[in-house]
Structure formats: C-alpha cells, structure tokens
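**Student:** Quick one: the structure is below, questions incoming.
Please treat every number below as a calculation from the coordinates, not as lab data. Keep in mind that this is a model prediction, so the values were computed, not measured. Quick reminder, even Gly has a Cβ in these numbers, built from the backbone with ideal geometry, and neighbours come from all protein chains shown.
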Amino acid sequence: MNFADEIFELRELQRLEGHADRVWGLAWKPATGADGVPAVLASCSGDKTVRVWEQSPLTGSFQCKAVLEETHNRTVRSCAWSPSGKLLATASFDATTAIWEDIGGDFACISTLEGHENEVKSVSWNASGSLLATCGRDKSVWIWEVLPHNEFDCVSVLQGHTQDVKMVQWHPTMDILFSCSYDNTIKIWAEDGDNDDWHCVQTLNESNSGHTSTVWALSFNATGDKMVSCSDDLTIKIWGSDIMRMQSGDGNAPWKHLSTLSGYHDRTIFSVHWSRDGIIASGAADDAIRLFVESEDHLVDGPSYKLLLKKEKAHEMDVNAVQWSSMEVNRRLASASDDGTVKIWEFAASSAHKKLQL
Amino acid sequence: MTLGLINANPVVHAKKERVARNDDSHAEDAVDPLEIYDYVRDIRDPEHPYSLEQLSVLSEESITVDEKLGRILITFTPTIQHCSMATVIGLCLREKLKDCFPPHFKVDIKVAPGSHANEESVNKQLNDKERVAAALENPNLRQLVDECLYSSEL
C-alpha cells in the first residue's frame, strides 16, 4: 500500500458509551465484519464488566449486545477472543481469568482459571486456539492447555521477569510466547521439544537497545517477522527476526532491534497494534492516537518509520488500547479510554485533499 | 510486617495560617495550585495524627500547574529517607484529587529529589496508573487511604 501520494485521516465513526469506569482493553471478534457477518467487539473495564458490541447490518452502528457481569469482582483488565471466536477470555485484577461462551446470544462463564497470586493483567490465545497465556503482578507468566469439554490445564508457570508483567502475546503463526514487563524487558518463551518444557529463550533489555522503562504492549506484523513494542520511556521500538530460521525450528532465531521511534510521544504509550497492511497504531496517555508506517526511504542499515498521522484529543483522557479490525475492508480501528468510552474509527484517504498527480 | 512506626518521632510544624482565597481573575475552570494545596494539605499522615502540611510533607511549593499543557506536578517530602509509606501518601493524593480537574489534566506525583533512598523506584510506582488503580481496589490499602482522607474532616 502506497502511503506517499495521499493525505489520510482517521474519521470517528461512533462513540460507544455504557461502561461506568475507564475502559482498559478491547478485542475485535475474529471472522466478523465481512461476508455478511456483523462486526463484533468486546471491551473490558474498571467497572468489573465486559461489554460485547455488535454492528447492526441495517444502520451500521454498534449496539451493546451483552454485558458480562457478576463474575469478576475487580477491574477486568484484558479480553481476548479465541481464534474461532467461540470463546472469550477475560483477565481481572481479582486474580482470575474467566472463559465465556456465547450460547445463543447469552454469554455464560464456562470456566475460571485460578492460580495467579494477584492481579492478572493480560490474556492471549495462540494461533490455533490450543493454548492460552496469562500474566500478572506476581511476575509470572502462565501457559494453559485448552482441553475438550471446556477444561483448561496449567502446563507451565514461567518465572523470569523481576517485576509485574503487563502483557503476553503469542506469535501470530508459531507457538512462541512474548511477554513485556514493568522490569523494562521483553521476554521470549519457547517449548523445548514437545514436553511442556517452556523456558525463556531470549530477553530484550537495555543492552540490546531495549526499553528503559516499563514496556506496556507489543504487536506483530502480518508475516510475524517484525514486532513493535511501546513503553513508558516514550518510545516505540521495532524488532525483527529471521522468519525462515524460526520456522525451520532452528531454535536460534534471535530478535534484533531494528528501529526506535522517539520524539513523537511525550507521555506513556499504553498500546500499539500493527495492522495487516502495515500501519502501526499507538494509543497514549496524551489522549492521542498516532499512526506510523514504514518509510519508503530505505536506509542502508534497516527500515525506518514515519508518522503518518496524529489524532490529537482522540479521547478526553488517556488512550489505553488500540486495535485494528482484522478485516481488510474498511480499515477500522477501535480505541478504549480512561474517559469510559470506546471509539470506532475509519482510516481512509482524505478525498478532499487528494494531491494532484503531476 | 514492621513492628511499631516507621518514623516514631516526626518533626511537627505549626499549621500555616490559611488565607481566604478570592475568585478574582481566574476563569471558572482555571486550575489554581493554591486551591489544590488547600485540598490536600489536611490529608492525614498514614502513621501519625498530623496532617501532611504539619509534617512538612507538603507545602505550597509542592504543587505546580502548567495550564496550557494541562499538567499538574505534586512533589512531596517523606519524613524520612526510607519511608515505606511514600506510596500510600501518593495514593492518598491521587484519590483526593481524582475529580478535581478537567478530565484531560494529567497528574504526576514525585518525591522531592534526594528525599528518599529509592527515589526512582518510588516515583515509578507512584506514576504507574495500573498499579495505582489496583492498589485502590485492595481493601486494606483502601481503608488506610480512606482513614487518611476522612479523619481530617472530623
């Protein structure tokens, strides 16, 4: 996609109100939003509930379809749909992770994962939906196996981070787990063989050009050979790995720092998400959403990135989460904020300002 | 658990005379550092029956406001270098001030430079909003914070 010849804008489509406290996270439901299937989005909040929003095929606007309540008794910090969209996992400060199933429009909590000593901060499903990962303030990362009849078995408790773990994210194609933490590092975990022996295979810290303060989030590009991370150190970093080596099971395909985007943010960056067509969105504590793309100027020592657009005052308060909808059509972005709302945006060329082709 | 108080003999100062504040040149929603100070000066110390002002933990100079950027910085001085109550004081400040300003204002809380042995690590905790939110949901901490905020109203 050529971003050079046009001027783009992020247009607000809708503002979803309903949560009674800050919205911490959100997740687009996979396989929705195209082919006649209405788009669905889940959001989670300090009000201890999760809301599921569905777009009306008639009007195009999102309505709240369900409120998942009376299960978590503290903030719900993160939510994630299984790859099939059949299950929704919700991670809470109450130290549990709940698994919900949509049974004919009603969501029922079919399982509760316990084990963390205190607040669970993030939950992520692997690409096949066979594994789930969680992390929390107890500095640990847990891997759970998804078994038949809604059973979940803990297969590993990973220690290594020296502080609160903020987010876990599985690689988009391989069973390699990434975690980022208040200890300023990103850790990469892989299984040794096939015997549930998970261990840390790499740590990205200051010595490999890593972050110098809390790393809040990370996201992968579509091919899985690049990763973007964001931090309280006010930078966004791009990392890359040799995907062929990774896939060959070499076991030694280290991630390397490729680029640091600094000077664009002056407050903590809480969320980053890489779209399927290469746009990196960031959500920060200055209430703004920024979009970055790889620059066409290929430098000798690696790719460089440029700011495509900055949406100031995207929300009235901190932006806690941004996520591109996975459907290619209508590039849509959802954002969640301390202001208690979720916003739906459309990213498109600003037709009124299209540059003349000379 | 430590037995006894962290700082058994704090230095207590007289309360500064209160000046009646007039709503003269300020716009309705202007953020006045002295008004903020009035709001927090009487918060009770977590360990002693004195206010943060009396213990010189806070003073008028503690509050700086950048109205253009929408930023508020509060700097406080724990009574001793190894004060383990520093994070509780930070929580009290945030909770007391939470609905005081227009929503876009950002509040940063720090210990005065050189006033704490683990200055960097305390400041990091005080400004991690996820940690602050979780701490305020913890019933024990919540109770302690409420005592500090509301006992001064008696």
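**Student:** Return yes when A:T268 is among the polar types (S, T, N, Q) and either surrounded by fewer than 16 Cβ atoms within 10 Å (Cβ to Cβ) or on the phi > 0 side of the Ramachandran plot (or both) and no when it is not. Working first, answer last.
**Tutor:** Values: among the polar types (S, T, N, Q): yes; either surrounded by fewer than 16 Cβ atoms within 10 Å (Cβ to Cβ) or on the phi > 0 side of the Ramachandran plot (or both): no.
No: the conditions fail for A:T268.
**Student:** Right, next: If I go through the range A:285-323 residue by residue, how many of them are within 15 Å of A:T235 (Cβ to Cβ), in contact (Cβ under 8 Å) with a residue 40 or more places away in the chain and surrounded by 17 or more Cβ atoms within 10 Å (Cβ to Cβ)?
**Tutor:** Number satisfying all stated conditions: 2.
**Student:** Tell me yes or no: at least one residue of the range A:65-80 is surrounded by fewer than 21 Cβ atoms within 10 Å (Cβ to Cβ), within 14 Å of chain B (Cβ to nearest Cβ) and polar (S, T, N, Q). Give the derivation first.
**Tutor:** Kept after step one, since they are surrounded by fewer than 21 Cβ atoms within 10 Å (Cβ to Cβ), are these residues of the range A:65-80: A:65-67, A:69-71, A:73-74.
Now drop any that are not within 14 Å of chain B (Cβ to nearest Cβ), which leaves A:73-74.
Now narrow it down to the ones that are polar (S, T, N, Q): A:73.
Yes, there is a match, as at least one residue in the range A:65-80 is surrounded by fewer than 21 Cβ atoms within 10 Å (Cβ to Cβ), within 14 Å of chain B (Cβ to nearest Cβ) and polar (S, T, N, Q).
**Student:** Restricting attention to the range A:1-19, does a residue exist that is touching a His at 6+ places or on another chain (Cβ under 6 Å), touching a residue at least 40 places away in the same chain (Cβ under 8 Å), away from chain B (no Cβ under 14 Å) and not hydroxyl-bearing (S, T, Y)? Can you show your working first?
**Tutor:** Within the range A:1-19, the subset touching a His at 6+ places or on another chain (Cβ under 6 Å) is A:7.
Add one more test, that the residue is touching a residue at least 40 places away in the same chain (Cβ under 8 Å), and what stays is A:7.
So of that shortlist, the ones also away from chain B (no Cβ under 14 Å) come out as A:7.
This time we only want the ones that are not hydroxyl-bearing (S, T, Y), so: A:7.
Taking every residue of the range A:1-19 in turn, at least one turns out to be touching a His at 6+ places or on another chain (Cβ under 6 Å), touching a residue at least 40 places away in the same chain (Cβ under 8 Å), away from chain B (no Cβ under 14 Å) and not hydroxyl-bearing (S, T, Y).
**Student:** Now, a different point. Find all pairs meeting these conditions: Cβ atoms under 8 angstrom apart; at least six residues apart or on different chains; first residue within the range A:116-127 and under 15 Å from A:L158 (Cβ atoms); second residue among the hydrophobic types (A, V, I, L, M, F, W, C) and assigned to a loop (DSSP other than H, G, I, E, B).
**Tutor:** A:H116/A:A95; A:E117/A:A95; A:V120/A:F93; A:V120/A:A95
**Student:** Which residues, taken from the range A:129-144, are of a type in the set (S, T, N, Q) and over 11 Å from A:S179 (Cα atoms)? Before you say what the answer is, go through the steps one by one.
**Tutor:** Step one: of the range A:129-144, the residues of a type in the set (S, T, N, Q) are A:130, A:134, A:140.
Hit for the range A:129-144 is A:S130, nothing else.
**Student:** Follow-up. Taking into account only those residues within the range B:32-50 that are among the acidic types (D, E) and in a helix (DSSP H, G or I), which is nearest to the chain's Cα centre (by Cα)? Lay out the reasoning, then the answer.
**Tutor:** The initial filter retains those residues of the range B:32-50 that are among the acidic types (D, E), namely B:32, B:35, B:38, B:42, B:45, B:47.
Now drop any that are not in a helix (DSSP H, G or I), which leaves B:35, B:38.
On the way: B:E35: 14, B:D38: 11 Å.
If we take residues in the range B:32-50 being among the acidic types (D, E) and in a helix (DSSP H, G or I), then B:D38 is nearest to the chain's Cα centre (by Cα).
**Student:** Same structure, new question: For the range A:248-341, give me every one of the strands (runs of 3 or more DSSP E) that falls completely inside it and has 2 or more residues that are under 19 Å from A:M167 (Cα atoms). Even if it seems obvious, please write down each step before you answer.
**Tutor:** Numbers: elements: A:256-261, A:269-274, A:280-284, A:289-294, A:305-311, A:319-324, A:332-337.
In the range A:248-341, the matching strands (runs of 3 or more DSSP E) lie at A:269-274, A:280-284, A:319-324, A:332-337.
This table checks each residue for (1) among the aliphatic types (A, V, I, L, M); (2) surrounded by 15 or more Cβ atoms within 10 Å (Cβ to Cβ).
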{"position": "B:Q81", "(1), (2)": "no, no"}
{"position": "B:S84", "(1), (2)": "no, yes"}
{"position": "B:P113", "(1), (2)": "no, no"}
{"position": "B:K124", "(1), (2)": "no, yes"}
{"position": "B:E130", "(1), (2)": "no, yes"}
{"position": "B:A134", "(1), (2)": "yes, yes"}
{"position": "B:L144", "(1), (2)": "yes, yes"}
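**Student:** Now for a different question. List the number of the failed condition for A:D164; all other conditions in (1) closer than 17 Å to A:K29 by Cβ; (2) of a type outside the set (S, T, Y); (3) within 13 Å of chain B (Cβ to nearest Cβ) hold.
**Tutor:** Result: A:D164 fails condition (1) only.
**Student:** Also, I was wondering about something else. Among the residues of the range A:190-212, is there at least one that is more than 14 Å from chain B (Cβ to nearest Cβ), touching a residue at least 60 places away in the same chain (Cβ under 8 Å), buried (at least 18 other Cβ atoms within 10 Å of the Cβ) and among the aliphatic types (A, V, I, L, M)?
**Tutor:** Keep residues of the range A:190-212 that are more than 14 Å from chain B (Cβ to nearest Cβ), which gives A:190-210.
Retained after the next criterion (residues that are touching a residue at least 60 places away in the same chain (Cβ under 8 Å)): A:190.
Now drop any that are not buried (at least 18 other Cβ atoms within 10 Å of the Cβ), which leaves A:190.
From what's left, among the aliphatic types (A, V, I, L, M): A:190.
Checked against the condition, which is being more than 14 Å from chain B (Cβ to nearest Cβ), touching a residue at least 60 places away in the same chain (Cβ under 8 Å), buried (at least 18 other Cβ atoms within 10 Å of the Cβ) and among the aliphatic types (A, V, I, L, M), the range A:190-212 yields at least one hit.
**Student:** May I ask you to list the residues in the range B:93-133 that are within 15 Å of the chain's Cα centre (by Cα) and touching a residue at least 60 places away in the same chain (Cβ under 8 Å)?
**Tutor:** Across the range B:93-133, the qualifying residues are B:L97, B:C100.
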